[in-house]
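Working notes, beginning with the structure itself.
Throughout, read-outs are computed from the coordinates displayed, never taken from laboratory work. Worth saying up front: this structure is predicted, and the values here are computed from it rather than measured. Here the Cβ is made from the backbone with ideal geometry for all residues, glycine too, and neighbour counts use every protein chain on show.
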Amino acid sequence: MRLFSALCVLSLFTAPTAAENWPHWRGPVGNCVAPGANPPTEWSTTKNIKWKVELSSRENSSPIIWDDQVFVVATEVVKPGEGEQLPLLAFNLLSFDRETGNLRWKQTATTARPHQGVHATTGFAAASPCTDGERIYAHFGSRGIYCFTLDGQPVWKRDDLGQMTMLNNFGEGASPTLSGDAIIVPWDHQEGSKLFVFNKLTGETLWQIDRDEPTGWCTPVVVEHGGRSQVIMNGQNFARAYDLDDGRELWRCDGQTVRPICTPAVGDGIVYVCSGFQGDFMAAFRLDGSGDIEGTDKVAWTITQNMCDMSSPLLSNGRLYFHRRKTSVLSCADAATGELLYGPERLPGLEEAQVYASPIAAGGYVYLTGVNGTTVVIKDAPKLEVVATNALEEFVGGTPAVVDDQLFIRGEKHLFCIQTAK
């Protein structure tokens, strides 16, 4: 996909310097691509580690970066639980100095005892924060969404949304998305799914709609098409598009699998929506559809095998990269036609590892990270060419972030800043 096209169609972040930052877990253009960045391709626990800092909880949320600050969310135990009671937790937003790794500030958004557990591979702060360069937003699901200034001062909060009931106690974790003056907050769970849109300046509800969907962990994507902003949401029953102005449903299509997690990718008037648990499905939907588009020419193509589950697809230079289920087995397809360019192929160094993190692209390379802390770097090209295999020897569940010549990886115990030694 051409960079110009990517910047035109996506309206996730409207600040003029967004492309020089990583303001959302999907990056500045919403497809896990870092335009103009050139991070290292080789590192280890002792090589090219600029700094690392300890973190208080294991989370699958991702770091975000704005200018000289790196933001993460985490929890701390205030009081241990007793019996079946869960611990009392502080839900924190932290800012680290990008140059040194020193803690600049920490704000406790709220203190609460969760009503439901989480999957063993993550924690209670699994949703990634986002920023517009003036404010930062931390979403803690049932504990609410909180807005702070970039120096950590509280602006507003919405802790009145209720409690989510997640499938199998897997935990909450869908991340919010910014567009213009709106922040879009997904709320899919077992008992009364919704989609909220708040004024990002005040927290006032602009609109909310009910969704006939069970539990999902999909982050919404906003795309401009035909003079209208569409909110694209994946779902177990349907993939759908809503009008950002009023929440009106524009189009829908079924075909997704159970409890979808993947966030859509968008480019050149097409949105790519997929899921890969108890089945495999990806479809390329044209954004000018209306109503139920199943079986129409608004579905450009479909793929029904080897689809990702925990990670989301990467769209870079007209190619889609995606793992098979939660494995390191990688495929690459032509985004225009759905034709497979290569794969499925297992990546060396990740043979036994599951993959939760989404692929990211920067500097002509694609970075693929497994839960074992190993990142395989390949050429961003129509043929598979492995460039390097790098191990941090620490569980990694969240997607890395890239800005300029730095790569940021959140591990089970540490936040790493990776940069070629000067």
* Please report the relative contact order for the chain, taking Cα pairs under 8 Å with a sequence separation of at least 6, and give it as a percent rounded to a whole number. => 17 percent
* **Using θ = phi - 60° and Karplus 6.51 cos²θ - 1.76 cosθ + 1.60, couplings along the stretch 26-40 (whole Hz; Gly, Pro as x)** => 9, x, x, 10, x, 10, 6, 10, 10, x, x, 7, 9, x, x
* Structure fact -> With a 18 Å threshold on alpha-carbon distance, the violating pairs from 79/413; 157/200; 50/106; 106/200; 326/379 are 79/413; 50/106; 106/200; 326/379
* Structure fact -> With 0.36 nm assigned to each residue of separation and the Cα-Cα distance removed, residue 246 to residue 105 gains 47.1 nm
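Quick one: Kirkwood hydrodynamic radius for the stretch 241-378, alpha-carbon pairs, angstrom, one decimal?
For the stretch 241-378, inverting the mean 1/r across all distinct Cα pairs yields 15.4 Å.
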* To do: Rounding to the nearest 20 debye, state how big the charge dipole of the chain is about its Cα centre with +1 on each Lys and Arg Cβ and -1 on each Asp and Glu Cβ.
  => 580 debye
* Asked: Using a cut-off of 17 Å between alpha-carbon atoms, which aspartates and glutamates can reach residue 194, once sequence neighbours fewer than 8 places away in the same chain are excluded?
  -> 159, 160, 172, 204, 210, 212, 213, 243, 245, 246, 249
* Asked: What are the residues whose amide H is under 5 Å from the amide H of residue 265, where those residues sit 5 or more places off or on another chain and H is modelled from the backbone?
  -> 272
* Asked: Once amide H atoms are placed 1.01 Å from N in the peptide plane, what residues at a sequence separation of 5 or more from residue 251, or on another chain, have their amide H within under 5 Å of its amide H?
  -> 241, 291
* **Amide H partners (placed H, <5 Å) of residue 211, local residues excluded** => 193, 194, 195
* Asked: What list of ³J(HN,Hα) values in whole Hz, one per residue of the stretch 168-174 in order, does the Karplus curve 6.51 cos²θ - 1.76 cosθ + 1.60 (θ = phi - 60°) give from phi, with Gly and Pro shown as x?
  -> 6, 6, 6, x, 9, x, 5
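How about the stretch 67-98: which GluC sites (Glu not before Pro) there lie in a loop by DSSP and see at most 14 other Cβ atoms within 10 Å? Write down the numbers at each step before the final one.
Working: sites: 76, 82, 84; in loops: 82, 84.
Sites meeting the loop and neighbour criteria: 82, 84.
For the chain, just run the numbers: alpha carbon Rg, then divide by 2.2 N^0.38 Å, N being how many residues it has.
Working: Rg = 19.6 Å, N = 422, 2.2 N^0.38 = 21.9 Å.
Taking the Cα Rg and dividing by 2.2 N^0.38 Å, one obtains 0.90.
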* Asked: Once both labels are modelled 7 Å past Cα along the beta-carbon direction, what's the residue 160-residue 115 spacing in nm?
  -> 1.7 nm
* Structure fact -> Karplus ³J(HN,Hα) for the stretch 270-276 (6.51 cos²θ - 1.76 cosθ + 1.60, θ = phi - 60°; Hz, whole; x = Gly/Pro) runs 10, 10, 10, 10, 8, 7, x
* Structure fact -> Ranked from fewest to most other Cβ atoms within 10 Å of their own Cβ, 119, 189 fall in the order 119, 189
